[in-house]
Every structure is written in structure tokens, then in C-alpha cells.
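Participant: First the structure, which I've put down as C-alpha cells, then a few questions once you've had a look.
Where a number appears in this text, it was derived from the coordinates with a stated rule and is not lab data. Nothing here was measured: the structure is a model prediction, and the numbers come from that model. No Cβ is skipped: glycine too gets one built from the backbone with ideal geometry, and neighbour counts run over all protein chains shown.
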Amino acid sequence: MPGAIETRLAELGVTLPDAPAPKANYVPFVRVGDLVHVSGQVSSGPQGLIVGKLGADMDVAAGASAARSCAIALLAQCRSACDGDLERLVRVVKLTGFVNSTAEFVDQPQVINGASDFLVEALGDAGRHARSAVSAASLPLGVAVEIEAIFQTR
């Protein structure tokens, strides 16, 4: 029987994928006490990686959608860290978002809002978090967005 978080995700039309496997020499998450540090999750969707550079070939709305996809992958990793029980999630502590953008692009916060807004919509107050949103000249595989997170769990 799904818990409240999985039910809310279903109401939003979101089914969490299996947690993505690492693409290099790192682990997808590290648990330290009641905190789970999740490695950066890159923007991807049903058709594969979401690539692009904000300020060049991608607008803020598309970037925010890419950031939302990162948040979904972050929740999938958190569920994996919680042995499949997302109800062990207490809160989102911090997001660090990286936006593949031109030197002139200044709307990184609005792009990362795609992840932040989704987490609050899905988790309520438990989704409110501290955050950084920074520009990157390039991201792995040309993706538009990469986000890492810290979650508090029980």
C-alpha cells in the first residue's frame, strides 16, 4: 500500500523511476546519521538526456522542466537510500543546482525553481529547503541541469 508521499506523487502524475545508476566512479548516495547526501542527478526524461544551454538554445521554462526531472531522480535516490520506503523522508535539507548556461544568462534561480517548486508541491513544508543555484559553462554529457541534494530521513 503506497504511503502519503507516493500517493501525492501519483496525484501529480509522477511515478518515480528506479534510482539511476552512477555513470562514473562514485556512489549514488551516502548516509551519515539521519542525513542522506545524494550525488548530482542530471536532467533526463522519457526520451533520454535533456541537453542544452540556457541562454543559447534553451529558455527558462525548458530549463525549469529539466530541473524538475532532476528532482524526480533525487527522490528516486532517496527512496533507494530508505530501502524503498519514501515515508522515511523527513525533509529536504538542501539543493545545489548547476545550470549549463551562457556567461550572459542570469536566471539560474528561476531554472532551479523547477526542482524547488516540484518538491514543495510533492512534499509540502517538508519540501522547503536551503539552496544554491549556480551557472556552469558545461555539464556532463551536455545536460541542461544537474542537482545534488541532502535529505533528512528517519
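Participant: In the chain, which whole DSSP H runs stretch at least 24 Å along their own axis (Cα) and average 0.0 or higher on the Kyte-Doolittle scale?
Facilitator: Long hydrophobic helices here: 60-81.
Participant: Step through the residues of the range 44-49 one at a time and calculate ³J(HN,Hα) from phi using the Karplus curve (6.51 cos²θ - 1.76 cosθ + 1.60, θ = phi - 60°), rounding each to whole Hz and writing x for Gly and Pro.
Facilitator: 8, x, x, 8, x, 5
Participant: So what's the back-of-envelope 222 nm ellipticity for the chain, counting only DSSP H runs of four-plus at -39500 (n - 2.57) apiece and dividing by all residues, rounded to 500?
Facilitator: It comes out at -10000 deg cm²/dmol, rounded to the nearest 500.
Participant: I need to check one value: relative contact order of the chain, counting alpha carbon pairs closer than 8 Å and at least 6 residues apart, in percent. Present the calculation step by step, with values, prior to reporting the outcome.
Facilitator: On the way: 308 pairs, mean separation 53.2, N = 154.
Normalised by residue count, the contact order of the chain is 35 percent.
Participant: Hey, if you put +1 on the Cβ of every Lys and Arg and -1 on every Asp and Glu Cβ in the chain, which of 58, 24, 41 ends up farthest toward the positive end of that dipole?
Facilitator: It is 24.
Participant: Can you compute 3J(HN,Hα) from phi for each residue in the range 84-99, using the Karplus curve 6.51 cos²θ - 1.76 cosθ + 1.60 with θ = phi - 60°, rounded to whole Hz and x for Gly and Pro?
Facilitator: x, 10, 5, 5, 7, 5, 8, 6, 8, 8, 8, 10, 10, x, 10, 10
Participant: Report, in debye and to the nearest 20, how large the dipole of the range 47-135 comes out about its Cα centre when Lys and Arg carry +1 and Asp and Glu carry -1 on their Cβ.
Facilitator: Here the size comes out at about 240 debye.
Participant: Next question. 5 Å is the cut-off here: which amide hydrogens, built 1.01 Å from N in the peptide plane, fall below it relative to residue 132, excluding neighbours closer than 5 in sequence?
Facilitator: Amide H to amide H, under 5 Å and 5 or more residues apart or across chains, residue 132 pairs with 95, 96, 97.
Participant: Under 5 Å between amide H atoms, partner at least 5 residues away or on a different chain: which partners does residue 58 have, H built in plane at 1.01 Å?
Facilitator: Counting only residues 5 or more places away or on other chains, the set is 53.
Participant: Taking H as built 1.01 Å from N, whose amide H comes closer than 5 Å to the amide H of residue 41, not counting residues under 5 places away?
Facilitator: For residue 41, the qualifying residues are 147, 148.
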